[in-house]
Amino acid sequence: MTSFDEVDKIDDAKNSAEELNYYERTAGDYERRVKSINFQASELCFKALKVFEEETGISIPKDGKFIDVGAGTGLSGEQLRIAGFTGVVDALEPVDTMFALAKEKGIYSTRYPDMLSPDKETSVPGKAYDLVYSCSVFTNRSATCECLPEAVRMAKNGGVIAVAMNGDHWEGTFDLVVRRMEDEKIVELKYSDASEELFGGTKARVFILNKL
Ligand SMILES: C[S@@+](CC[C@H](N)C(=O)[O-])C[C@H]1O[C@@H](n2cnc3c(N)ncnc32)[C@H](O)[C@@H]1O
């Protein structure tokens, strides 16, 4: 990892080292912080998945195999269960202090401690999951748009990749990578919405891909 500054706010992080160090130091306060701003990433992700299933007729097996990319303290795992998914859920989460809290929830099976990066495959098996989902992990800091193909690699052919993120990070980056993967016949973009609030005036982008 490169050298880094200790930042007080996640928005001040300029790279992976600063972002992961921030989460490492502040994990114990994470859930209080997100609840205090009514942060909606995982709720919006599963709301979108329901609409996606109704509109496309594609049904994700509820007892299938799932991976929570950037599982954090497990709020997104809790939302998966609330949405009625009963199958095995694995976690990709590089920050030990965050995952220590997720582990207590008793939701996750295997944890992969890898970090998504543009130039290196993680240890997560490929073509293994019915649903790969990620709530508030993809940004322009650490898990950048060039990490999206790695999340797609984890999905089975015919599987689904669902991402909820800060809408400010979508244009000119994630949209182009999605289009590139569509041109290469790797995925089809089935759902994309930017109408809902992620928190206090900031819009979310929620998008769902079907792996071909
Ligand atoms: C805002 S939290 C979201 C946690 C959880 N998904 C939720 O909905 O509450 C972002 C998480 O992404 C993880 N993260 C950040 N950069 C990452 C990367 N490059 N690869 C994998 N995880 C990353 C952080 O460690 C942190 O736990």
E18 - would you say it is more than 10 Å from the ligand (Cβ to nearest atom), part of a helix (DSSP H, G or I), acidic (D, E) and in contact with a Lys or Arg (Cβ under 8 Å, 6 or more places away or on another chain)? yes
Can you tell me which of (1) touching a residue at least 24 places away in the same chain (Cβ under 8 Å); (2) more than 16 Å from the ligand (Cβ to nearest atom); (3) touching an Asp or Glu at 6+ places or on another chain (Cβ under 7 Å); (4) closer than 21 Å to E43 by Cα is the one L189 doesn't meet? (1)
Region 81-100, subset in contact (Cβ under 8 Å) with a residue 40 or more places away in the chain and more than 10 Å from the ligand (Cβ to nearest atom), residue surrounded by the most Cβ atoms within 10 Å (Cβ to Cβ): F85
Take the conditions surrounded by fewer than 16 Cβ atoms within 10 Å (Cβ to Cβ), out of contact with any Gly (no Cβ under 6 Å at 6 or more places or on another chain) and of a type in the set (S, T, Y) and apply them to S16. Does it pass? no
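Okay, residues lined up against (1) more than 24 Å from E197 (Cα to Cα); (2) free of Cβ contacts under 8 Å to residues at least 12 places away in the same chain:
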{"position": "S109", "(1), (2)": "yes, no"}
{"position": "S123", "(1), (2)": "yes, yes"}
{"position": "V132", "(1), (2)": "no, no"}
{"position": "C135", "(1), (2)": "no, no"}
{"position": "N140", "(1), (2)": "no, no"}
{"position": "A164", "(1), (2)": "no, no"}
{"position": "F174", "(1), (2)": "no, no"}
Just checking, does region 32-50 include any residue being under 21 Å from K211 (Cα atoms), charged (D, E, K, R) and either surrounded by fewer than 18 Cβ atoms within 10 Å (Cβ to Cβ) or within 8 Å of the ligand (Cβ to nearest atom) (or both)? yes
Picking from D68, D29, which residue would you name as being at pLDDT 95 or above, in a strand (DSSP E or B) and either more than 19 Å from the chain's Cα centre (by Cα) or within 11 Å of the ligand (Cβ to nearest atom) (or both)? D68
Of D68, D114, D119, D63, which residue is acidic (D, E) and more than 23 Å from H169 (Cα to Cα)? D63
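The values are calculated or read from the model by the stated rules, or taken from the named source; none is laboratory data. Everything quoted here is computed from the prediction, not taken from an experiment. Reconstructed Cβ throughout: ideal geometry from the backbone, glycine too, with neighbour counts over all protein chains shown.
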